[in-house]
Amino acid sequence: MSLFVLGINHKTASVDVREKVVFSQQQLDDALCQLKDKEGVRSVAIISTCNRTEIYCDHDVADTAFLVDWLCTFHHVESDKLLSCLYSHFDLALALHLMRVACGLDSLVLGEPQILGQVKKAYGESIRCNVMHGALDRLFQKTFTVAKRARTETNIGAHAVSVAFAACSLARQIFESLETSTALLIGAGETIELVAKHLYEHKCKNIIVANRTHVRAKPIAQTCGAQIISLEEIPEHMYKADIVISSTAAPLPIIGKGMVEKALKMRRYQPMLLIDIAVPRDIEQEVGELNDAYLYTVDDLHSIIGHNLQQRKIEAVLVEAIVEEESHAFMGWMRSLEAVKSIKQYRAQSEALKEALLNKSLQAISNGADPMKVLVEMSNKLTNKLIHLPTQAMQDAASQGDEHTLDTLRQSLGLNLLK
């Protein structure tokens, strides 16, 4: 039995190479079934994201060659285009790698939490396709425990390192509860989509999405139950917003000082947080001069992100220690499997020896032999057969001056207890 992974990620290959081996949801079932039918494969899982494709396998032989051939064939890619980008890890190195991946230590953004969900999804797909068993199953389960430890025992995920998440973290610091706050999101691009997701996850239920077209804003609104308005309608809705986050591609500012002044007056000068993450700016710089308007730009957020990234690097050292400890614990469990196998083999051998002698003795008694003599003879034969190989092993170790092996044999036979 050998556990290993074959992979490619953002550190080893450019996006144009990585995208050639990405597994779509439709391809995943077929891929797992194909690998399940490969000779020697016990279990398999595939993690496929925009930044990595990794195939985890429990196989009879510690060799990834068949996986390389299969991967190239499945995706119709020439092997010479992939070989220099591929990496593989076995046993302890594999356990370390998977745990680091799940904890976000191997991610493009250090400590990002999304990868754990992707690892869990890959595990779930393998369970659904009935290709997750034994040691690989145990490794994934152990990995989820490690990731939970990393999040609860360290602050690896506490410091925002994306613009969208930093914007939401800033809002949470200023407003005691987002549940009663109203957020106005301007734009409908990827960043605003992430902002909406983060706000909704933190119980902000009053969200307004303003965009040039309703069609583009509709998917965002549907995910968080938001109201959609046009850019032209912003002035009449501005006063409702405790939080304004803007990210459009407009060449000129959308929100001016006068618009915010009017909104603040209608709000009876309750504080308003405005976060401008657009380049060029969506909010006039002069808005920051207003007493009750707190304006942050993308540069302010990058400053926060830079500080937070340094904090995550400090926390990552603690996570690495957890991963190191837990991966060795997993390998200890793996090695114990070999002991279980040996114990079963030894018990079966002893049981077979006992049965053979017992049957022979019962036959002798049924043929009229003296039962007492038969029992004495059987016990002598059983003892001699059981001690023969250990005795021979101790004699060999002693003749070779191998004190370590001799001491190990004594301990295993319980002789040290008789000193």
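For (1) in contact with a helix residue (DSSP H, G or I) (Cβ under 6 Å, 6 or more places away or on another chain); (2) within 13 Å of residue 244 (Cβ to Cβ), each residue gets a yes or a no:
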{"site": "278", "(1), (2)": "no, yes"}
{"site": "284", "(1), (2)": "yes, yes"}
{"site": "289", "(1), (2)": "no, no"}
{"site": "293", "(1), (2)": "yes, yes"}
{"site": "303", "(1), (2)": "no, no"}
{"site": "306", "(1), (2)": "no, no"}
{"site": "311", "(1), (2)": "no, no"}
{"site": "318", "(1), (2)": "no, no"}
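Does the stretch 274-285 contain at least one residue that is basic (Lys, Arg) and modelled with pLDDT under 95?
Yes, the stretch 274-285 contains a residue that is basic (Lys, Arg) and modelled with pLDDT under 95.
Please work out if residue 264 is among the hydrophobic types (A, V, I, L, M, F, W, C), in the same structural domain as residue 174 (by TED's automatic domain parsing) and either assigned to a strand (DSSP E or B) or farther than 15 Å from residue 293 by Cβ (or both). For residue 264, the condition - among the hydrophobic types (A, V, I, L, M, F, W, C), in the same structural domain as residue 174 (by TED's automatic domain parsing) and either assigned to a strand (DSSP E or B) or farther than 15 Å from residue 293 by Cβ (or both) - is not met. Exactly one residue among 320, 355 is part of a helix (DSSP H, G or I), under 30 Å from residue 110 (Cα atoms), at pLDDT 85 or above and of a type in the set (Asp, Glu), and that residue is 320. Scanning the stretch 172-189 for residues that are buried (at least 22 other Cβ atoms within 10 Å of the Cβ) and more than 22 Å from residue 231 (Cα to Cα) yields a single hit, 178. Here is the figure for the stretch 391-410: residues that are in a helix (DSSP H, G or I) and either surrounded by 13 or more Cβ atoms within 10 Å (Cβ to Cβ) or at positive phi (or both) total 12.
When the residues of the stretch 286-312 are filtered to those that are among the hydroxyl-bearing types (Ser, Thr, Tyr) and at pLDDT 90 or above, the one that is farthest from the chain's Cα centre (by Cα) is 294.
Going through the stretch 62-91 one residue at a time, which ones are buried (at least 17 other Cβ atoms within 10 Å of the Cβ) and in a loop (DSSP other than H, G, I, E, B)? Correct list: 64, 82, 86. Residue 183 - would you say it is more than 24 Å from the chain's Cα centre (by Cα), assigned to a loop (DSSP other than H, G, I, E, B) and assigned by TED's automatic domain parsing to the domain that holds residue 244? Against the criterion (more than 24 Å from the chain's Cα centre (by Cα), assigned to a loop (DSSP other than H, G, I, E, B) and assigned by TED's automatic domain parsing to the domain that holds residue 244), residue 183 does not qualify. If you go through the stretch 195-226 and keep only what is among the aliphatic types (A, V, I, L, M) and either in a helix (DSSP H, G or I) or surrounded by fewer than 15 Cβ atoms within 10 Å (Cβ to Cβ) (or both), you end up with 195, 196, 199, 215, 217, 220, 221. The set of residues in the stretch 308-330 that are among the polar types (S, T, N, Q) and surrounded by 15 or more Cβ atoms within 10 Å (Cβ to Cβ) comprises 308, 311, 327. Among the numbered criteria (1) within 24 Å of residue 246 (Cβ to Cβ); (2) without any contact (Cβ under 8 Å) to a residue 12 or more places away in the chain, which one does residue 172 miss? It is condition (2) that residue 172 fails. For the stretch 237-274, give me each residue that is farther than 20 Å from residue 227 by Cα and of a type in the set (Ser, Thr, Tyr). Within the stretch 237-274, 269 is the sole residue that qualifies. Do the conditions hold for residue 338, that is, is it assigned to a helix (DSSP H, G or I), under 30 Å from residue 134 (Cβ atoms) and in contact (Cβ under 8 Å) with a residue 60 or more places away in the chain? Criteria not met by residue 338. A single entry from 192, 229 fulfils the requirement of being assigned to a helix (DSSP H, G or I), β-branched (Val, Ile, Thr), touching a strand residue (DSSP E or B) at 6+ places or on another chain (Cβ under 9 Å) and surrounded by 16 or more Cβ atoms within 10 Å (Cβ to Cβ): 192.
Note on the stretch 17-50: among residues that are part of a loop (DSSP other than H, G, I, E, B) and buried (at least 19 other Cβ atoms within 10 Å of the Cβ), the one that is modelled with the lowest pLDDT is 49. With respect to residue 377, is the statement that it is under 30 Å from residue 111 (Cα atoms), surrounded by 13 or more Cβ atoms within 10 Å (Cβ to Cβ) and not assigned by TED's automatic domain parsing to the domain that holds residue 104 true? The answer is no for residue 377. For the residues 314, 275, 245, 234, the requirement of being assigned to a helix (DSSP H, G or I), over 30 Å from residue 3 (Cβ atoms), touching a strand residue (DSSP E or B) at 6+ places or on another chain (Cβ under 9 Å) and β-branched (Val, Ile, Thr) singles out 234.
Scanning the stretch 113-169 for residues that are more than 18 Å from residue 101 (Cα to Cα), surrounded by 15 or more Cβ atoms within 10 Å (Cβ to Cβ) and among the aliphatic types (A, V, I, L, M) yields 131, 132, 135, 160, 163, 164, 166, 167.
The values are calculated or read from the model by the stated rules, or taken from the named source; none is laboratory data. This is a predicted model, so every value here is computed, not measured. Glycine also receives a Cβ, built like all others from the backbone with ideal geometry; neighbour counts cover every protein chain displayed.
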